[in-house]
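Everything on this sheet refers to the single structure shown next.
Coordinate-derived values only; no laboratory data. The structure displayed is predicted, hence computed values, not measured ones. Using ideal geometry, Cβ is built from the backbone for each residue, glycine included, and neighbour counts are taken over all protein chains shown.
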Amino acid sequence: KGVLVQHEVGVEVVAALVGRSSETLTSLDLSNNCIRDNDATTLSRALGGLSGLLLLDLSTNNIRDDGAVALSGALGGLSGLQLLDLSNNMIRDDCAEALSRALGALFGLQHLDLSNNSIGDYGVDVLSGALGGLSGLQKLDL
């Protein structure tokens, strides 16, 4: 079961829907919804209980470093996640350490997309430490 939300739905509404589906939700697509840092923080609280989530798409939003750090705190609890798409946001090197810690716990991750952000050499270097432990990773987009 999955949820696809488009056209700037309030994150509070999405968080409430996600909370009600916490045991059965496997796919959450919130791409292209103008999600900002404060929205990502609200969303991160809802993500914590989604142990069965396999796909999380937050691409093409307005998530910056503060939002990515907030999401990183929740990602660590999504150990079964197979696809994480944070492409086309405004994530920079500043949150690489938080993302790296979260990615290190995503043992089932097969596809990670961080393309079209502002992650430079430093961020890639920090992230590479966590990526080395993800033996199932098949596709990486930076």
- If you place +1 on the Cβ of every Lys and Arg, -1 on the Cβ of every Asp and Glu, and leave all else neutral, what size is the dipole of the range 16-136 about its Cα centre, to the nearest 20 Debye? 340
- Taking the range 99-142 on its own, what percent of its Cα-Cα pair distances exceed 11 Å? 65
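Net charge within 11 Å of residue 72 by Cβ-Cβ distance, Lys/Arg positive one each and Asp/Glu negative one each, not counting residue 72 itself? Numbers along the way, then the final one.
Values: positive: 101; negative: 65, 66, 97.
With Lys, Arg at +1 and Asp, Glu at -1, the net is -2.
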- Note on the structure: Taking the range 57-142, the equivalent ellipsoid from its C-alpha gyration tensor has semi-axes in Å, biggest first, of 17, 13, 12
- Treat each spin label as a single point 7 Å out from the Cα along the C-beta direction, and report the residue 66 to residue 32 distance in nm. 2.8
